[in-house]
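Working notes, structure below.
The values are calculated or read from the model by the stated rules, or taken from the named source; none is laboratory data. For clarity, every value in this text was computed on a predicted model and none was experimentally measured. In this analysis, Cβ positions are derived from the backbone assuming ideal geometry, glycine residues included, and neighbour counts consider all displayed protein chains.
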């Protein structure tokens, strides 16, 4: 995987397969502790604890109830390569949370990628889900919530071309404001 | 072989690093794990990677890599091009795969 936004897309797809109606994404970069954290939390069907144990092993099970493909193992591998780790917590019928962290300054830490485009893509594909995106640099926070946007839009559908384009730009502006000069790939 | 001639012979697009074109290409290295490239590539290697973020320029400088080759027509970020241009590292691009590039480069180098 070339960037973190692609990993994010994968994890969000898992959440959607798990019938989530709300997906919260938190990206936090802390220069002081040299840590980048990404957390995706959903209110989907969750996983049994015996399944959860093997969630990062792509060969663990091949039964058709398996809803996790290579998304988690690859995300974990990317985190490990940047001196970080991945944790999955899940409760049956409550939801799942996937948390990955990375050493911010590690040479193999993948760049964030085009987060705006990722948000555009998932909203277009699954517009009925509530997405809550928070970007945090420990000083300033940015939030995007698709339900708030829908309220403000009134009759206008969130999937309308101009709205989707605006969302992409709005998210990428947020990325620049919060992570500019903190993530090496985002210029301030 | 100079980077300029190397790029021409393999029909690659020169995205940046005009001054870097006069450097010598002596070999080739293919890998996408930057820390691995730092410790295993050799001076003078043309390096093929699918990564396009600014860290590739830092790695090229560190190992004394004269040119970075981006395969399969991948788009390269503006910030990377600017940095490469500042540091005289040539970035070349082609629609070919790493295998095809290496196969052809092997006949030249």
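Observations on the model:
- Extreme residue, nearest to the other protein chains (Cβ to nearest Cβ), among residues of segment A:179-188 that are in contact with a strand residue (DSSP E or B) (Cβ under 8 Å, 6 or more places away or on another chain) and closer than 13 Å to residue A:112 by Cα: A:187
- Looking only at residues of segment B:8-20 that are touching a helix residue (DSSP H, G or I) at 6+ places or on another chain (Cβ under 7 Å) and modelled with pLDDT of 95 or more, we find that the one that is nearest to the other protein chains (Cβ to nearest Cβ) is B:15.
- Qualifying position, being surrounded by fewer than 18 Cβ atoms within 10 Å (Cβ to Cβ) and in contact (Cβ under 8 Å) with a residue 24 or more places away in the chain, among A:182, A:186, A:149: A:182
- Strands (runs of 3 or more DSSP E) within segment A:70-144 that include 2 or more residues within 14 Å of another protein chain (Cβ to nearest Cβ): A:95-103
- Residue ID - nearest to the other protein chains (Cβ to nearest Cβ), chosen from residues in segment B:24-44 that are more than 19 Å from residue B:80 (Cα to Cα) and surrounded by 21 or more Cβ atoms within 10 Å (Cβ to Cβ): B:41
- Flag if residue A:176 is within 14 Å of another protein chain (Cβ to nearest Cβ), in a helix (DSSP H, G or I) and on the phi < 0 side of the Ramachandran plot: yes
- Index of the failed condition, residue A:43 passing every other in (1) modelled with pLDDT of 95 or more; (2) out of contact with any strand residue (DSSP E or B) (no Cβ under 8 Å at 6 or more places or on another chain); (3) farther than 23 Å from residue A:111 by Cβ: (2)
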